[in-house]
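The values are calculated or read from the model by the stated rules, or taken from the named source; none is laboratory data. Please read these numbers as outputs of a predicted model, since none were measured by experiment. Here the Cβ positions follow ideal geometry from the backbone for every residue, glycine too, while neighbour counts run over all protein chains shown.
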Amino acid sequence: MIYNIPFIAVVVMIFIGLYAVVFRRNLIKMVIGITIIECGVNLFLITLGYREGGVAPIYTSLPKGTRYPSEMVLPVPQALTLTSIVIGVAVLALMLSLVMHIYKHYGTLDVRKIRRLKE
Amino acid sequence: MSEMSKIVRTISNVIFPLITIFGLYVIAHGHLTPGGGFQGGAVVASGCIMLLAAYGSAWAFERIKEKRLTAFESLGAVWFIGVAFLGLFVGGIFFANFLVGLKLFDNFTLFGNIPVVGSTLADINTGGVLPLMNFAVGLKVIAGLFAVVLVMAYASSLKEWKK
Amino acid sequence: MNLLDVLIQHSPPLIVAVPLLGAFLTPLVGRINEKVRNIFALVMISITGFFIALLASDVFTNGPRVYVFGAQNLTLPVVRVLFEVDSLSIFMAIVTFILAFVALVYSWSFMKENDGLDKYYTLVLLVVASTLGMELTGDIFNFFVFLEISCISSCALIAFWVHKGESLEAAFKYIVISSIGALFVLFAVGIFYAQYNALNIATLANVIQFTFLDKVALVLLVVVLGMKAGLVPMHMWLPDSYGEAPPSVTIVIIGATQASLYGVFRMCFTLYSGAFQNITISESTIGLIIIMLALLTILIGVLMALIQTDFRRLIGFVAVAEIGYIFLTIGVGLVTLHDPDMIEVGKTAMQGGIFHIINDCLDVGLLFLVAGAIYYATRETSLNEMSGLARNMRCTTIFFLIGLLAVSGIPPMNGFASKLLIYQSTYQLNPIISIIAILASIMLLAIFVKVFYSAFLGPKISKFENVKEVSKSMLIGMGVVSCIIIIFGLFPNIVIHYLVEPAVNALLNNAQYISVVLGGV
Amino acid sequence: MTTRHIVAVLVFSIVAVFFVFSALMIHPFGDPGSPDMDNHIIKNTQTEAGTNNGVTSVVFDYRGFDTLGEATILFTAVAGVMMIFRRKKR
């Protein structure tokens with residue numbers, strides 16, 4: 001149980017992000033919230049792949065006496081995280097450019113003042 | 001974004017080549033050391049963005065247009081998918097790593113050496129199509145990230161945005 | 001091995017790679033000439049359609065087909081990404097192809113006056129490629145990647161008319177909801193990876209055990225994919241984005257939405273099939289919850305459509321209601337399929353649901369195209385302002401009538417055939433469900449008759465004196481969809497026998513899906 | 001605090017409890033058991049992909065198609081941003 005603290009940290013990060021998205025009224029803060037959720041999920045993937053005392057799965061100048069595969073961390077979660085990070089950057093770029101345009105149109109970043117599409 | 005002070009501009013001039021070289025190293029050694037196309041590309045792109053921040057967006061926009069950058073990005077993407085298609089035509093399957101162990105002429109291999117199993121020293125002539133894909137992705141990331149930031153910076157400095 | 005075999009063998013990756021290549025090349029081709037670019041996009045989609053047809057002819061006769069990326073042979077454990085194409089996947093691919101083709105033909109003259117069309121065609125091709133990828137993939141992380149591509153490119157397309165504040169708002173809403181949703185899909189993928197150390201759907205389906213973590217993952221997947229498809233209570237983005245996107249794009253985004261629905265089908269009936277095996281009718285909580293939500297979706301969609309004054313938002317809410325019918329069949333399937341007495345009911349429901357996917361796409365798509373045509377001719381979207389359009393736009397009126405009859409399930413059209421199957425199966429489960437469904441359908445008819453009367457009939461207005469019929473490419477686009485609707489309506493038996501039944505059988509034959517990959521291991 | 005807020009907080013905490021429980025039920029941190037897929041990759045990366053770097057071999061070889069999707073996402077985002085910031089033709 002005590003060893004699962006990293007996973008608890010993941011959940012905490014996801015919910016901090018969700019809090020920002022649900023309860024904050026500022027568009028930029030919502031974007032920050034989404035980024036925090038994404039960081040939480042990335043952290044989740046990385047922590048899944050950790051093997052105690054493991055080194056990176058790279059054979060170039062491996063420390064002497066390393067047994068593989070039992071002393072290397074798992075490579076797949078790292079690759080998934082890499083993909084997920086790039087996706088996060090792409091989403092962030094698009095969201096920020098939308099926020100810039102919304103600010104140009106409405107002159108405010110407050111969600112309550114922007115909403116035109118109701119019902 | 002307007003121009004920053006002379007100190008900032010000079011220092012960014014000095015650091016920019018170092019950042020670029022480091023980023024290109026990360027791209028080129030992606031198949032040997034931690035790193036790869038995305039990471040190295042992000043390093044080089046952030047170097048470019050540093051110049052943009054130091055000199056202001058108008059300066060940068062005079063020298064490079066975002067259209068050229070997007071063309072480079074398209075080129076990177078086509079290169080990447082082209083390598084995948086080459087796998088189909090040469091190796092017989094989509095995304096095949098057809099260069100591993102492939103002897104082109106007498107003994108010349110293009111990234112085709114197979115490393116000795118176990119801990120080895122770095123041999124840059126390994127990895128098959130992986131280095132080619134790293135280059136493609138690196139080109140893509142440099143052009144793409146820089147283009148995004150360039151366009152955003154330029155748009156926010158236009159008069160119509162300031163009310 | 002002749003050429004045709006080779007082409008069929010390599011068509012799964014090419015179906016995705018060809019539109020991707022087209023998307024990457026469009027900015028470069030667009031520098032030459034506008035006309036060349038439009039033709040280029042159409043050619044790319046047509047090549048994709050050719051490969052889809054080839055693969056369909058093979059899959060419908062010889063069963064599922066696996067394509068491993070980067071290796072000739074499949075090795076165990078499955079480490080590589082692979083595409084697994086069964087009849088359901090290829091059925092969805094056909095739907096996507098029809099929608100994409102119509103959208104590109106329709107865009108030719110509809111989008112002519114806009115600028116930034118290079119990016120427009122790029123993004124349309126990207127939506128199509130990602131939708132096809134979601135439908136063909138056999139790898140759950142790959143599914144997530146394509147889900148993200150489809151959400152980013154759809155979001156950019158929704159914001160295409162950047163000078164309108166509403167479309168920016170709709171796009172922002174869409175990307176917030178769908179990116180959070182996609183992150184939770186990634187979380188579910190992480191849960192699977194943590195437990196079984198596999199990312200392949202067939203491998204996972206073979207070993208899944210329905211532990212607590214699996215239940216959490218199932219809820220996450222169904223909630224997120226339901227949200228992407230427009231299930232109440234997470235439906236609010238759908239009418240906004242359907243209503244504010246350019247109508248030529250809406251029809252492509254409908255395809256992406258249906259791919260999320262396909263995801264729900266795949267997750268519930270393939271991935272979790274082994275886990276659901278021992279659950280009896282009283283215990284299948286998730287099925288009952290889905291039925292409840294589906295009924296709510298139908299009712300809220302119809303009731304909200306009643307009070308709309310904007311034409312395209314109205315159709316958006318109708319689309320929500322139509323999605324409800326498909327979710328209803330998913331719920332009925334989950335409740336009944338593992339009960340030996342009720343299995344026939346479940347099969348009928350699934351047939352209705354899968355047939356309704358294609359009908360929903362075509363009907364709602366046709367209505368959006370008509371709304372787009374009216375917008376093109378009059379620059380008007382509010383129903384209160386329209387009147388007497390039938391005099392000047394005869395063809396459009398006919399297409400609207402066809403769409404109206406089809407969407408409300410009136411006999412000669414295709415909507416009737418699938419809705420009848422849905423009514424039949426739900427009646428056997430519980431008559432109240434089918435009564436609600438029928439009532440909602442009648443209300444849909446009432447709504448559209450009202451729209452037809454106020455917009456197309458009614459007195460002439462001087463403002464619309466000079467309104468002309470829309471140009472040829474738009475008429476061709478609408479005509480193609482109407483033809484398919486009428487053909488499907490006249491010969492539903494043939495469609496069900498040759499397209500729908502294989503898809504349903506492939507979906508329910510879980511063992512085959514697994515054994516094609518794992519080879520009887 | 002309106003009723004809407006209270007409902008939101010309630011839903012929020014229920015979902016949070018489920019997430020915390022699932023975090024506790026995942027295998028202990030640092031002990032993924034015997035991961036067949038990853039061990040296969042670590043053993044075969046030098047012979048099959050011909051590279052020393054296990055992560056790169058996953059990114060570009062074993063799961064290369066995902067990376068194509070990822071590159072596509074970046075392309076899509078850039079195309080989208082360019083489209084949103086497009087300027088009118090003169």
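Descriptive notes on the structure:
- Residues satisfying the stated conditions in the range C:60-81, i.e. free of Cβ contacts under 8 Å to residues at least 40 places away in the same chain and part of a helix (DSSP H, G or I): C:THR61, C:ASN62
Conditions (1) closer than 30 Å to B:LEU121 by Cβ; (2) touching a Pro at 6+ places or on another chain (Cβ under 8 Å); (3) modelled with pLDDT of 95 or more, marked per residue:
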{"residue": "A:MET1", "(1), (2), (3)": "no, no, no"}
{"residue": "A:ASN4", "(1), (2), (3)": "no, yes, no"}
{"residue": "A:PHE23", "(1), (2), (3)": "no, no, no"}
{"residue": "A:GLY49", "(1), (2), (3)": "yes, yes, no"}
{"residue": "A:PRO57", "(1), (2), (3)": "yes, yes, no"}
{"residue": "A:LEU62", "(1), (2), (3)": "yes, no, no"}
{"residue": "A:LEU74", "(1), (2), (3)": "yes, yes, no"}
{"residue": "A:ALA79", "(1), (2), (3)": "yes, no, no"}
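- One residue alone among B:ASP106, B:ASP123 is within 9 Å of another protein chain (Cβ to nearest Cβ), among the acidic types (Asp, Glu) and surrounded by fewer than 24 Cβ atoms within 10 Å (Cβ to Cβ), and that residue is B:ASP123.
- With respect to the conditions (1) more than 7 Å from every other protein chain (Cβ to nearest Cβ); (2) under 19 Å from C:ASN73 (Cβ atoms); (3) assigned to a helix (DSSP H, G or I); (4) hydrophobic (A, V, I, L, M, F, W, C), B:PHE98 lacks only one, and its number is (3).
Yes/no per residue for (1) among the aromatic types (Phe, Trp, Tyr); (2) surrounded by fewer than 24 Cβ atoms within 10 Å (Cβ to Cβ); (3) in contact (Cβ under 8 Å) with a residue 12 or more places away in the chain:
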residue	(1), (2), (3)
C:LEU213	no, yes, yes
C:GLY230	no, no, yes
C:HIS235	no, no, yes
C:SER241	no, no, yes
C:TYR272	yes, no, yes
C:PHE276	yes, yes, yes
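- Residue count for the range A:88-107, restricted to those that are in contact (Cβ under 8 Å) with a residue 24 or more places away in the chain, at the interface with chain D (Cβ under 8 Å from one of its Cβ atoms) and under 22 Å from D:THR56 (Cβ atoms): 0.
- In the range C:207-281, counting only helices (runs of 4 or more DSSP H) that sit wholly within it, the ones holding 3 or more residues that are touching a helix residue (DSSP H, G or I) at 6+ places or on another chain (Cβ under 7 Å), at pLDDT 90 or above and within 30 Å of A:ARG116 (Cα to Cα) span C:212-229, C:237-244, C:247-266.
- Test: residue in the range D:55-75 that is away from chain C (no Cβ under 11 Å), in contact (Cβ under 8 Å) with a residue 12 or more places away in the chain, under 30 Å from C:LEU76 (Cα atoms) and touching a strand residue (DSSP E or B) at 6+ places or on another chain (Cβ under 8 Å): no
- Pick from the range B:71-95, criterion touching a Gly at 6+ places or on another chain (Cβ under 8 Å) and either away from chain A (no Cβ under 14 Å) or polar (S, T, N, Q) (or both), ranking: surrounded by the fewest Cβ atoms within 10 Å (Cβ to Cβ): B:ILE93
- When we screen D:ILE84, D:ILE41 for residues that are within 11 Å of chain C (Cβ to nearest Cβ) and more than 25 Å from the chain's Cα centre (by Cα), the only hit is D:ILE84.
- Some residue of the range C:391-412 being aliphatic (A, V, I, L, M), touching a Lys or Arg at 6+ places or on another chain (Cβ under 7 Å) and assigned to a helix (DSSP H, G or I): no
- Residues considered: C:ALA503, C:ALA437. Of these, the only one that is out of contact with any Lys or Arg (no Cβ under 9 Å at 6 or more places or on another chain), crowded, with 21+ Cβ neighbours inside 10 Å and in contact (Cβ under 8 Å) with a residue 40 or more places away in the chain is C:ALA503.
- In this structure, C:LEU157 qualifies as in a helix (DSSP H, G or I), within 11 Å of chain D (Cβ to nearest Cβ), touching a residue at least 40 places away in the same chain (Cβ under 8 Å) and closer than 15 Å to C:PRO247 by Cα.
- Looking only at the range C:161-185, and only at residues there that are more than 7 Å from every other protein chain (Cβ to nearest Cβ) and part of a loop (DSSP other than H, G, I, E, B), the one that is farthest from A:TYR103 (Cα to Cα): C:TRP161
- Matching residues, the range C:119-135, being at the interface with chain D (Cβ under 8 Å from one of its Cβ atoms) and either out of contact with any Pro (no Cβ under 6 Å at 6 or more places or on another chain) or among the polar types (S, T, N, Q) (or both): C:LYS119, C:TYR120, C:THR122, C:LEU123, C:LEU126, C:SER130, C:GLY133
- Of all residues in the range C:177-203, those that are closer than 27 Å to C:PRO64 by Cα and modelled with pLDDT under 95 have Cβ atoms under 6 Å from Cβ atoms of residues that are of a type outside the set (A, V, I, L, M, F, W, C) and assigned to a loop (DSSP other than H, G, I, E, B), 6 or more apart or on another chain, in C:ASN197/D:PRO35; C:ILE201/C:GLY138.
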